[in-house]
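**Q** Below you will find the structure I want to go over with you.
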Amino acid sequence: VPASTKYSATCDNTCTEVPVDAECTNFDPIGLATTATNAPGDVLFSSRPRFAYEKLYLAKASGTLSIIARSFSPLPNGDLIASGMTFRQISLNDAGDLAVLVPTSRGRALLVKQPATQLEVAAQVGRLSPFTDVRYDGIPQASSINASAVVAFIADLRDDRHGIFEYNALTNVTVPIYLAGVATTDGRELCLFEDLELSDSGHIAIVADSRV
């Protein structure tokens, strides 16, 4: 269960994720995009062959098909990709950089890959966040990876903070963007981030619960 559900008491009329509220059925962080395409015509998708584990495939417009990752395969840090609706919130930019949220033996992780590199663990439950000695406690949502190989994500921290972060696959650096409590121009306080998207120019669109 994404840890951001524990913040539901801090906002009015929030969407709980498990079970999903009737009025929030279009917000499903577990069953989101399982296919992504880019301008050159490449397709990134997940599929479970009969009698086999789920795999993440990259079908190039040139006709080649490669396996990017599969359930129960190891990550660079030694943790295993878990099974069960494994590859979700898949994105692919025109340069061939990709990002995907997966469950692991430690907890949910955001994975990023550039065409000439191996999978990178951008963020993972239990790993250190950009804040000294503070670890991630949940990663419920991620944006598409943009043209600059940057992906934004929502994360809960073990010191009870909750916010939006960005990971740059070119520099391998993660930075905090907003933390819950940030004020809007009309004086409201954003207290729970639910969804987000990142443009190629770096602008972020956010769906959030707020209060006066």
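The values are calculated or read from the model by the stated rules, or taken from the named source; none is laboratory data. It should be emphasised that the depicted structure is a prediction, and the values quoted were computed from it without experimental measurement. Ideal geometry is used to build each Cβ from the backbone, glycine not excepted, and the neighbour counts take in all protein chains shown. Only protein heavy atoms, including side chains, enter the accessible area calculation; ligands, DNA and RNA are left aside. Shrake-Rupley method; radii C 1.70, N 1.55, O 1.52, S 1.80 Å.
**Q** Taking the Cβ-Cβ separation of Val212 and Asp133 as r and a Förster radius of 35 Å, what is the calculated FRET efficiency to the nearest 0.05?
**A** The pair Val212/Asp133 has a calculated efficiency of 0.55.
**Q** Mind ranking 142-150, 184-192 by how tightly packed they are, going by the mean number of other C-beta atoms within 10 angstrom, highest first?
**A** In decreasing order of mean packing, 142-150, 184-192 become 142-150, 184-192.
**Q** Also: For the pair Arg158 and Val173, how long in nm is the line joining their label points, each one 7 Å along Cα→Cβ?
**A** 2.6 nm
**Q** Once the whole set of protein chains is in place, how much accessible area is left on Tyr167, using a 1.4 Å probe, in Å² to the nearest 10?
**A** 10 Å²
**Q** To continue, here is another question. How many angstrom lie between the Cα centre of the range 158-204 and the Cα centre of the range 53-94?
**A** Cα centroid of the range 158-204 versus Cα centroid of the range 53-94: 26 Å apart.
**Q** Moving on to the next point. When the chain is fully extended, how far beyond the present Cα-Cα distance does Ser83 get from Ala39, taking 0.36 nm per residue of separation?
**A** The Ser83-Ala39 span can extend by a further 12.8 nm.
**Q** Taking 0.36 nm per residue of sequence separation and subtracting the Cα-Cα distance, how much length would be gained by fully extending the chain between Lys60 and Glu189, in nm to one decimal?
**A** Full extension from Lys60 to Glu189 adds 42.0 nm.
**Q** For a Förster distance of 30 Å, can you work out the FRET efficiency between the beta-carbons of Asp94 and Tyr53, rounded to the nearest 0.05?
**A** So, using R0 = 30 Å, E works out to roughly 0.55.
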